[in-house]
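The values are calculated or read from the model by the stated rules, or taken from the named source; none is laboratory data. Since the structure is predicted, the reported quantities are computational estimates derived from the model, not experimental observations. Using ideal geometry, Cβ is built from the backbone for each residue, glycine included, and neighbour counts are taken over all protein chains shown. Areas reflect the complete protein model, heavy atoms only, side chains present, ligands, DNA and RNA absent. Shrake-Rupley method; radii C 1.70, N 1.55, O 1.52, S 1.80 Å.
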Amino acid sequence: MNEVVGSHDLLLVTLDTLRYDVAAALVEAGRTPDLAAVLPGGRWERRHAPGSFTYASHAAMFAGFLPTPAGPGPHPRPFAAAFPGSETTAPGTWVFDAADLPTGLAAAGYHTVCVGGVGFFNGLTPLGSALPGLFAESHWEPGFGVADPASLEHQITRVAEVMARLPADRRLFLFLNVSALHQPNWYHLDGAIREHGDSIESHAAALEYVDRHIGRLLGLMRRPCLVIICSDHGTAYGEDGHTGHRIGHEAVWTVPYGEFVLS
C-alpha cells in the first residue's frame, strides 16, 4: 500500500447493509454480472464486519480497520493509524499520523470527498455530520437516501460533477455510501408493495439494482485507481427471530469484500 498511496486514486464504496450470503449467491447465479467482472476471480471475499451498524463500522473503517478476513489471523491491514503495539500493522501497511484515514490522506496530498447515503451521512444533525466532517468535501441530498428508488443513480451523477472539476494533478480519495440495500428496499422487487415490507428477496433485488449502475461509477474513475467495495454490516430478515442489525448475529457480522485496481 505504500506504493499505491500517492500514485493511485482511491475509491471506497460501502454497500450499506449488504449480507454476504446474498451477495455470494447472486454472483454465483450470474445475477450481478458487472460486479463479477471486476471482483478478483469473479467472487466476493467472505469477511467479518468491524461493527454491527453503520456508524460503528464506518468509524472503525475510517481508522483503518476494514472488514477482517474470516479465516484465522492476524491479518495485516492496508491502512493503519499510527498506534503503538498494533499487531496488524505490517511493512506493507500505509501508516498515517492522524486519527482517521481521510485526514491522513489529506496530509498526503489527496482531495477527500464523501458522497453520503444513509442518515449517518446526511449532515442534518451533529451526529449525521460527524463522519462527513472528516472529509474536505461532502455531499448529501434526500435523493441519495434510503427512500429514493433511484438513489445510486443520483449519487453517481454527483460523483460525475466532482470528477469534472477535479484538478488533473490532484489525487482523490472518494468515499461513497450506497444506501440502496438498506431498508426500505421493498420497492426494488418487481410487483412488491409497501405493505409487503422488506425481505431477503427485495434485498437481493436491491443488489441487482446496484449492479446495473456500478459500471457507470467505475467508468468515472481516473486510472490508476485502487477500489475497495464492501459492506459495513449485514442485516437479519427473521433468522432466529431477529430482524435488522446492531445485533450479534451471523447474518450481521459476515460481509462481502472486494479489492482491485482499475488501470
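Given the options PRO50, PRO67, name the one that is within 21 Å of PHE120 (Cβ to Cβ), open to solvent by 40 Å² or more (accessible area, probe 1.4 Å), under 14 Å from the mean Cα position of the chain (by Cα) and not polar (S, T, N, Q). Working first, answer last.
On the way: PRO67 fails: open to solvent by 40 Å² or more (accessible area, probe 1.4 Å).
Just a single option satisfies the conditions, and that option is PRO50.
Tally up the residues in segment 112-143 that are of a type outside the set (Gly, Ala, Ser) and assigned to a loop (DSSP other than H, G, I, E, B), please. Spell out how you get there, then give the answer.
Taking segment 112-143 as the starting set, the residues that turn out to be of a type outside the set (Gly, Ala, Ser) are 112-115, 118, 120-122, 124-127, 131-132, 134-135, 137, 139-142.
Checking which are assigned to a loop (DSSP other than H, G, I, E, B) leaves us with 118, 122, 124-125, 131, 135, 140-141.
Residues in segment 112-143 being of a type outside the set (Gly, Ala, Ser) and assigned to a loop (DSSP other than H, G, I, E, B): 8 in total.
Could you list all residues from segment 53-64 that are among the hydrophobic types (A, V, I, L, M, F, W, C), more than 19 Å from GLY248 (Cβ to Cβ) and either over 13 Å from the mean Cα position of the chain (by Cα) or open to solvent by 60 Å² or more (accessible area, probe 1.4 Å) (or both)?
Selection gives ALA63 alone.
If a residue has to be in contact with a His (Cβ under 7 Å, 6 or more places away or on another chain) and in contact (Cβ under 8 Å) with a residue 60 or more places away in the chain to count, how many in segment 181-198 make the cut? Show your work before the answer.
Looking only at segment 181-198, we keep the residues that are in contact with a His (Cβ under 7 Å, 6 or more places away or on another chain), and these are 181, 185-186.
Still in the list and also in contact (Cβ under 8 Å) with a residue 60 or more places away in the chain: 181.
Residues flagged as in contact with a His (Cβ under 7 Å, 6 or more places away or on another chain) and in contact (Cβ under 8 Å) with a residue 60 or more places away in the chain within segment 181-198 amount to 1.
Limited to segment 219-257, what total is found for residues that are of a type in the set (A, V, I, L, M) and in contact with a Pro (Cβ under 6 Å, 6 or more places away or on another chain)?
Within segment 219-257, residues that are of a type in the set (A, V, I, L, M) and in contact with a Pro (Cβ under 6 Å, 6 or more places away or on another chain) number 1.
For the structure I just gave you, tell me whether ARG77 is charged (D, E, K, R), within 16 Å of the chain's Cα centre (by Cα) and modelled with pLDDT of 95 or more.
So ARG77 fails the test.
Taking the condition of being among the acidic types (Asp, Glu) and open to solvent by 40 Å² or more (accessible area, probe 1.4 Å), how many residues in segment 70-129 meet it?
Of the residues in that region, 2 qualify.
Could you list, ordered by first residue, the pairs with Cβ atoms under 6 Å in which the first is in segment 141-167 and farther than 15 Å from GLY215 by Cα and the second is open to solvent by 60 Å² or more (accessible area, probe 1.4 Å) and in a helix (DSSP H, G or I), at least 6 apart or interchain?
GLY143/HIS154; PHE144/HIS154
Can you pull out the helices (runs of 4 or more DSSP H) entirely within segment 144-263 that have at least 3 residues that are open to solvent by 50 Å² or more (accessible area, probe 1.4 Å)?
In segment 144-263, the matching helices (runs of 4 or more DSSP H) lie at 151-164, 200-220.
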